[in-house]
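Q: One structure, pasted below without further comment.
The values are calculated or read from the model by the stated rules, or taken from the named source; none is laboratory data. Given the structure is predicted, the values throughout are model-derived calculations rather than measurements. Cβ atoms come from the backbone with ideal geometry, glycine included; neighbour counts cover every protein chain shown. When the accessible area is computed, the model is the full protein with side chains, heavy atoms only, and any ligands, DNA or RNA have been set aside. Shrake-Rupley method; radii C 1.70, N 1.55, O 1.52, S 1.80 Å.
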Amino acid sequence: MKKILLLSLALPLLAMCATNAETQLPKKDISLQLYSLRDDFNINFDATIKVVSEAGYTAIEAASYDGGKFYGKTPEAFKAAVEAAGMKVLSSHTAKLLSENELRTKNFSESLAWWDEAIAAHLAAGMQYIVAPWMSVPKTLADLQTYCDYYNAIGEKCREKGLLFGYHNHAHEFTKIDDVMMYDYMLEHTNPELVFFQMDVYWTVMGRQSPVEYFQKYPGRFALLHIKDHKELGQSGMVGFDAIFKNIDTAGAKHLIVEVESYNYTPAESVKLSLDYLRSCPLVKESYAAER
């Protein structure tokens with residue numbers, strides 16, 4: 001009875017991306033940002049990582065790096081747990097913000113030293129990408145330029161070790177500093193060979209911007225995409241997913257990563273419904289990584 005109710009509730013989510021009723025959805029290479037199940041992971045990591053795999057996800061993005069560990073596990077143990085569940089380790093949200101002194105002096109060598117340990121841990125965990133998930137709006141363009149220089153330096157360290165470094169946006173990056181859009185400035189003042197951008201399509205829309213217009217203005221800069229909605233994917237009607245999926249080649253995206261921050265159902269049900277939305281959508285390819 002519960003399965004029948006869930007199916008009936010999920011039908012509106014499929015919208016334009018719906019196929020005819022299918023009993024077996026195609027497998028697709030889609031990752032999950034583990035923050036989506038943050039409370040469940042705090043209770044039981046090993047059981048929850050199996051829930052992610054059983055939902056049909058093929059890879060994960062971590063959100064709990066701290067002191068050389070992921071979710072309280074050593075990098076090696078974290079990697080082993082993900083792989084034992086039948087998935088790959090793809091990426092991680094990890095940040096080290098600059099201090100006021102570093103912003104003032106433009107000497108961020110202390111923070112870069114922190115990154116040496118972080119990069120080593122991410123390598124041991126099997127990561128391919130490290131993503132800075134957040135920064136506040138700097139007071140001046142000079143401070144924003146310091147951050148761009150800092151991100152280029154992190155990107156250089158990552159590249160030397162075979163990793164890729166990027167930045168993930170929220171809505172506040174679409175505000176202006178000295179009449180210059182913060183997000184555009186970051187795109188234009190970071191080295192494309194050192195820094196990619198993980199566009200969060202929901203927060204871009206919440207910032208009153210068009211993801212597709214950014215794909216077209218800065219083609220190839222968005223190696224990863226956070227596919228997110230107000231709750232489960234496709235339920236709000238606020239995000240133009242069809243247009244986004246039609247322009248992924250322009251964006252340069254190699255991986256789609258689902259994130260669900262709020263829920264109509266249990267978190268586990270919500271992340272499953274969100275993946276089913278993408279698996280049901282004919283505009284979403286089986287994989288993007290092999291085509292780059």
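Q: Being hydroxyl-bearing (Ser, Thr, Tyr) and under 19 Å from the mean Cα position of the chain (by Cα) is the filter; apply it to the range 165-189 and report the residue that is nearest to residue 112 (Cα to Cα).
A: Top of the filtered list is 167.
Q: Can you tell me which residue in the range 39-62 is farthest from residue 87 (Cα to Cα), limited to those that are in contact (Cβ under 8 Å) with a residue 40 or more places away in the chain and open to solvent by 40 Å² or more (accessible area, probe 1.4 Å)?
A: 39
Q: Would you point out the residue of the range 221-273, among those that are open to solvent by less than 20 Å² (accessible area, probe 1.4 Å) and among the small types (Gly, Ala, Ser), that is nearest to residue 167 (Cα to Cα)?
A: Taking the candidates together, the pick is 223.
Q: Hey, another quick one. Give me a count of the residues in the range 107-124 that are of a type outside the set (A, V, I, L, M) and either buried (at least 16 other Cβ atoms within 10 Å of the Cβ) or in contact (Cβ under 8 Å) with a residue 60 or more places away in the chain (or both).
A: The qualifying residues number 4.
Q: Would you confirm whether or not the range 202-210 contains a residue that is out of contact with any strand residue (DSSP E or B) (no Cβ under 9 Å at 6 or more places or on another chain), open to solvent by less than 20 Å² (accessible area, probe 1.4 Å) and assigned to a loop (DSSP other than H, G, I, E, B)?
A: For the range 202-210, residues out of contact with any strand residue (DSSP E or B) (no Cβ under 9 Å at 6 or more places or on another chain), open to solvent by less than 20 Å² (accessible area, probe 1.4 Å) and assigned to a loop (DSSP other than H, G, I, E, B): present.
Q: Taking the stated definitions as given, is residue 70 under 19 Å from residue 120 (Cβ atoms) and either surrounded by 13 or more Cβ atoms within 10 Å (Cβ to Cβ) or of a type in the set (Val, Ile, Thr) (or both)?
A: Judged against the criteria, residue 70 is a match.
Q: Here is a check on your reading of the model: is residue 94 among the β-branched types (Val, Ile, Thr), touching a residue at least 12 places away in the same chain (Cβ under 8 Å) and open to solvent by less than 20 Å² (accessible area, probe 1.4 Å)?
A: Yes: the conditions hold for residue 94.
Q: Oh, and also: Kindly indicate whether residue 268 is of a type outside the set (Ser, Thr, Tyr), at pLDDT 95 or above and not in a loop (DSSP other than H, G, I, E, B).
A: The answer is yes for residue 268.
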